[in-house]
Amino acid sequence: MTREIDKAAVVTAVNEAYTQYVKTAEGENASYIPYLKNIPPSLFGIAVCMADGERIEVGDTGYRFGIESVSKVPTAVLAMKQHGPQTVMRKIGADATGLPFNSIMAILLENDHPSTPLVNAGAITACSMIAPTGNSDAKWLAIKGFVEALCGFSVEVIDELYRSESATNFNNRSIAWLLKNYGRVYDDPDLSLDIYTRQCSIGITAAQLAVMAATIAADGRNPVTGCEVFPADIAPRIVSLMATVGFYERTGDWMFRTGLPAKSGVGGGIMGVAPGIMGIAAFAPPLDAAGNSVKAQKAVSYIAQRLGLNVYGSQRVTLRKPATVVA
Ligand code: GLU
């Protein structure tokens, strides 16, 4: 069964989601990273980029917030592009941990691999794998450049956030060295951790994240710039990782409610991918107990349901092409 949607239906869904949740005041900003604690909690933006490049935005979609764990997605894609999905599978894995994002127990339980590139341990391993190894600046340029290609804009680290995270990331330091103990970090552990911390500190907007998600939805072709950013066979792999662990120990709840693969970050951002159809991003700083934005979850979930984007349903949504005018 297929159902066509057009831009007007998406505009309606996005506006309804914004109006419905703009006043929601549940949740708390992340406080374990001091910078994030002080972001105005009422910020709220929703952005959609369709697979044909059409964009729809409402609210604070131009505000630069910390990308945080959403950055694990582009680095996982880059690791697969550089080394192939099978090598990433062998060196990192593709399993849910069922545990919080920064779990040390997850590494102890699965010491043969760090489970998935979308939790802290696997993301630090992914950073260690990015070529060139042994050269922090060149590795960083590879990651930053790839984020820019995915979202079609230049991005920068938020220095204050980077300093704030670097001064307080004791748990992540333990993870990096525990991975070293298990032979699961493929570059210097401190260098790999620093690159991970930098990528989490990238400032991004909801508008940019929506384009990144749309590039994944469009099989690696950025629908705004027209550039081929990664091979199409990687797209279903990264989407499956997002569906498996995008919301950490709450991922099953999320997929049960929405059926939309998505990834959250403690900066308040969520990026959802409807394959072949669109990327959706929402941003609002206050989080639930698992570290996922309360308002962004509600907004993305509403849009997914309103438009019928559940990837597990029999209904296939397609984008209606604009009518061609015959002279
Ligand atoms: N930089 C954060 C950390 O490593 C990212 C966590 C997240 O967004 O889930 O703790």
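The values are calculated or read from the model by the stated rules, or taken from the named source; none is laboratory data. The structure displayed is predicted, hence computed values, not measured ones. Here the Cβ is made from the backbone with ideal geometry for all residues, glycine too, and neighbour counts use every protein chain on show. Accessible surface areas use protein heavy atoms only, side chains included; no ligands, DNA or RNA. Shrake-Rupley method; radii C 1.70, N 1.55, O 1.52, S 1.80 Å.
Taking only Cα atoms and a 10 Å spring cutoff, compute GNM fluctuations for the chain and point out the largest among 69, 301, 293.
Comparing 69, 301, 293 in a Gaussian network model of the chain, the most mobile one is 301.
What are the ³J(HN,Hα) values, in whole Hz, obtained from phi via the Karplus relation 6.51 cos²θ - 1.76 cosθ + 1.60 with θ = phi - 60°, for each residue of the stretch 177-194 in sequence order, with x given for Gly and Pro?
7, 5, 4, 4, 4, 8, x, 10, 10, 10, 8, 4, x, 5, 5, 5, 5, 5
Given the rule -39500 (n - 2.57) for each run of at least 4 DSSP H residues, summed and divided by the residues of the chain, what is its mean residue ellipticity at 222 nm, to the nearest 500 deg cm²/dmol?
-13500 deg cm²/dmol
Take the alpha-carbon centre of the stretch 53-84, take the same for the stretch 89-123, and report the distance between them in whole Å.
21
If you wrap the chain's Cα atoms in a convex hull and average its projection over all directions, what's the area in nm²?
15.9
Over what distance in Å are the Cα centres of the stretch 195-261 and the stretch 1-26 separated?
If you average the Cα positions of each part, the centres end up 20 Å apart.
With N residues in the stretch 228-279, what two-decimal value do you get for its Cα radius of gyration over 2.2 N^0.38 Å?
Expressed relative to 2.2 N^0.38 Å, the Cα Rg reads 1.15.
Quick one: pull the percent of accessible area on the chain belonging to carbon and sulfur, 1.4 Å probe, ligands and nucleic acids left out.
After summing per-atom areas, the C and S share lands at 53 percent.
Based on the Cα gyration tensor of the stretch 22-91, what are the three equivalent ellipsoid semi-axes, each the root of five times an eigenvalue, rounded to whole Å and given largest first?
Semi-axes from the Cα gyration tensor: 30, 20, 9 Å.
Assign unit charges at the C-beta atoms only (+1 for Lys and Arg, -1 for Asp and Glu), then state the dipole size of the chain relative to its Cα centre in Debye, rounded to the nearest 20.
Working: 28 positive and 29 negative charges, 104 e Å.
The calculation lands at about 500 debye.
Rounded to whole Å and sorted largest first, list the principal axis extents of the Cα atoms in the stretch 139-243.
Principal-axis extents of the Cα atoms in the stretch 139-243, largest first: 40, 31, 24 Å.
Using a cut-off of 23 Å between alpha-carbon atoms, which lysines can reach residue 321, once sequence neighbours fewer than 8 places away in the same chain are excluded?
Reachable lysines: 7.
Identify all lysines with a Cα-Cα distance to residue 72 below 26 Å; exclude those on the same chain that are fewer than 8 residues away in sequence.
Straight-line reach from residue 72, under 26 Å: 37, 81, 91, 139, 144, 180, 263, 295, 298.
For 153, 247, 101, 170, give me the order by solvent-accessible area with a 1.4 Å probe, most accessible first, ignoring ligands, DNA and RNA.
Greatest to least solvent exposure: 170, 153, 101, 247.
Given 25 °C and 0.890 mPa s, compute D for the stretch 207-327 with the Stokes-Einstein relation, Rh being the Kirkwood radius over Cα pairs; round to the nearest whole µm²/s. Present the calculation step by step, with values, prior to reporting the outcome.
Numbers: Rh = 14.8 Å.
D = 166 µm²/s.
What's the magnitude of the charge dipole for the stretch 22-96 around its Cα centre, counting Lys and Arg as +1 and Asp and Glu as -1 at the beta-carbon? Answer in Debye, nearest 20.
Approximately 380 debye in magnitude.
Per residue, how many Å² of accessible area does the chain show with a 1.4 Å probe?
About 39 Å² of surface per residue is accessible.
Work out the charge dipole of the chain with +1 on the Cβ of Lys and Arg and -1 on the Cβ of Asp and Glu about the Cα centre, then indicate which of 278, 201, 311 is farthest towards its positive end.
Checked the options; the winner is 311.
Based on Cβ point charges of +1 for Lys and Arg and -1 for Asp and Glu, what charge dipole magnitude is obtained for the stretch 256-327 about its Cα centre, in debye rounded to the nearest 20? Before the final figure, lay out the partial values.
Numbers: 8 positive and 1 negative charges, 43 e Å.
Dipole magnitude for the stretch 256-327 comes out near 200 debye.
Can you send over the solvent-accessible area of residue 83, 1.4 Å probe, protein chains only, in Å² to the nearest 10?
It works out to around 70 Å².
For the ranges 250-259, 71-80, 307-316, what's the packing order if you count other beta-carbon atoms within 10 Å of each residue, average per peptide, and put the highest first?
Put in order of decreasing packing, that is 71-80, 250-259, 307-316.
Whole-Å semi-axes of the stretch 54-120's equivalent ellipsoid, largest first, each the root of 5 times a Cα gyration tensor eigenvalue?
Details: eigenvalues 161, 59, 15 Å².
Each semi-axis is the square root of five times an eigenvalue, giving 28, 17, 9 Å.
When the chain is modelled as a GNM with alpha-carbon springs shorter than 10 Å, which of 241, 150, 178 fluctuates the most?
Result: 178 has the largest fluctuation of those listed.
For the stretch 1-125, what number results from the quotient of the Cα radius of gyration and 2.2 N^0.38 Å?
Working it through for the stretch 1-125, the quotient is 1.36.
With every protein chain left in place, what is the accessible area of residue 295 in Å² (1.4 Å probe, nearest 10)?
Here the residue's solvent-accessible area equals roughly 10 Å².
If only Cα atoms are counted, what is the Rg of the stretch 92-193, and what is its Dmax, in Å?
Gyration radius and largest Cα-Cα distance of the stretch 92-193: 13.9, 40 Å.
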